[in-house]
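Computed from the coordinates by the stated procedures, all read-outs in this text should not be read as laboratory data. Quick caveat, the model's predicted, so the values are computed rather than measured. Using ideal geometry, Cβ is built from the backbone for each residue, glycine included, and neighbour counts are taken over all protein chains shown.
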Amino acid sequence: MSATNSLSPSARAPRRWSFSRGRSSSDNSFIVLQRERNTYTRQMRQSLVVLCIVVAVAGACSGDPPDKEMQQAQSAIETARAGGAERFATTELKGAEEALAHARDAVGQRDYRLALSFALDARERAQSATKEAIDRKATLREEAERSLGSAQTALLAARNRLKAAEVSKVQARILAESRSNIAAGEGRVQEARTAFEQGNFEAASAAASQAATALAQTARDLDALVAPAARRRR
């Protein structure tokens, strides 16, 4: 067996890749890919969050028109009208109608917050008009009842004075005017009753007051006729 020269070049050993080095390269690629995916996911989540915020803010700014409140206001106005607010609560009813008109204008301008404010104001004013009309009608009814009572009392007094004049032998020619005045008074009292039954308390009060005044004057005139006749009988 021949000896080998230590100075002679040795055969080049073949290059070998270790199993561990190949595995490390694959792991690195996977890690890089995973990081890219995580970054993309975070960006998408952030974008979705921003989009949700934008949508929420836009919804809060725009909102919905206050249809429900406006319908309630319209119903309250109609109730007030039916309750006589056009006659007995004119100012409040007009204010309610104007507020509702402003609410509709605000809806047309897409200012729903302002529209809601006007709608609520219109509903409140209409409800106030209804209450005011009810209270006013109750007051006028009481006044009309008192006026009718006074007119009826004056009518009975005038009739009694006429009977007394007839008993006292006052000439029929002189009593003719008194009879005519009493008949006219009866007609006014009847007009007052009719107006009262129709709910027109102001007209009832006016007619009854006129009748009471005229009949009271007729009664005084008859008293003046009866006194001289009574003295003549003595």
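The table for this structure:
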read-out	value
Segment Thr153-Arg110, length gained on full extension (0.36 nm per residue, minus Cα span)	9.1 nm
Near-label residues of the stretch 188-203 by backbone N, under 20 Å of a point 7 Å along Cα→Cβ of Arg136	195-203
Within-12-Å neighbourhood charge of Glu186 [Cβ basis; K, R +1; D, E -1]	+3
The stretch 137-233: relative contact order in percent, alpha carbon pairs under 8 Å with at least 6 residues between	45 percent
Partners for Lys68 among lysines (Cα-Cα distance below 24 Å; same-chain residues under 8 apart left out)	Lys94, Lys131
Relative contact order of the stretch 67-134, pairs being alpha-carbon contacts under 8 Å that are 6 or more residues apart, as %	50 percent
FRET efficiency for Lys169 and Gln190, using Cβ-Cβ distance with R0 set to 35 Å, rounded to 0.05	0.65
